[in-house]
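Okay, structure first, notes after.
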Amino acid sequence: MGAFLLRSWGLGPRLRAALEPVAVIAGFLAFGLAWAAVLGSKENRVSRSQDLEETELEARAGSATPRVWLIDGYNVLHAGVLRGRDRRGWWTASVQSQLIAIADTFEDPAAEIIVVFDAATPASPRAAEPSPPSRVRLVYAPSADDWLVRHVRRSEEPRRIAVVTADRQVQGRARHGGASVVSPLAFLARCKRDAGDPPGEGRSGDAGG
C-alpha cells in the first residue's frame, strides 16, 4: 500500500526506494493503532456489561433486609479484628473466640449469625461452641469459602443472606448466588469491637495498629 502511494506520487526511483521502508512501517503502525482501538472498544463493552450485571445483582440482593449473616471467619479476623503482632496467632481457638464474641454483639437482635472457619482436619484448632444466650452458630469446614457459597446457592431465599468477607472471589460468587455482600469493617462497625478483647485490655492497647 505504501509503495503504491509512493509510485502514484511520481517520486524518483532513489527517493522512492529510500521512503518505501518508512511507508511500510507507517502502514504497520496505522494497522496496529486501529486494531488496538478495536480491542479497547471491545474490552470497554465487556467491562460495562460486567459492571451493569454486578449492579443489578447488588440491587436485587439489597432489596430485602438480610436475616442470615454468614461470616468468613479468618478473613474477617485479618481484615478488621487483628492488628500488628496479634496476627501471629490468627489460627488459634482463643482468637476465633474473639470474633465470636464480637459477632454476638451485632446490632440487629433478630439476625441469625453463622461464623465459618477453615478446618482442614479434625485436629485443627477449634473454639468452644458458643453457649446460650449466644446467637452465634459456629461452623468448621475444609473450605470456608466453598461452604459460604454453597449455603447461599442452596438457600430458598438468598436475598435474605448477607456474606461478610473481603475476598473478591467469594464476593462475586455470593452475589451471583443472589446474596448481598458486606465488608468486614462495615459489619464490625455495627458490633461492639471491644467485646472480643481479653479482660483488662482495650483496642487502644493493640500493638502495631
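Some points to look at:
- Estimated FRET transfer efficiency (TRP91, ARG137; beta-carbon r; R0 35 Å; 0.05): 0.95
- Peptides 128-137, 114-123, 69-78 ranked from most to least packed, by the mean per-residue count of other Cβ atoms within 10 Å: 69-78, 114-123, 128-137.
- Computed from label points 7 Å out along Cα-Cβ, the spacing between THR105 and HIS176 is 3.7 nm.
- Förster-model FRET efficiency, 41 Å R0, LEU185 and ARG154, C-beta, rounded to 0.05: 0.90
- Rounded to the nearest angstrom and listed largest first, the equivalent-ellipsoid semi-axes of the range 63-197 from its Cα gyration tensor are 22, 17, 14.
- Alpha-carbon centroid distance for the pair the range 92-116 / the range 123-157, whole angstrom: 11 Å
Since every read-out is calculated from the coordinates, none of them should be taken as a lab result. On a predicted model such as this, the values are computed, not experimentally measured, just so you know. Glycine also receives a Cβ, built like all others from the backbone with ideal geometry; neighbour counts cover every protein chain displayed.
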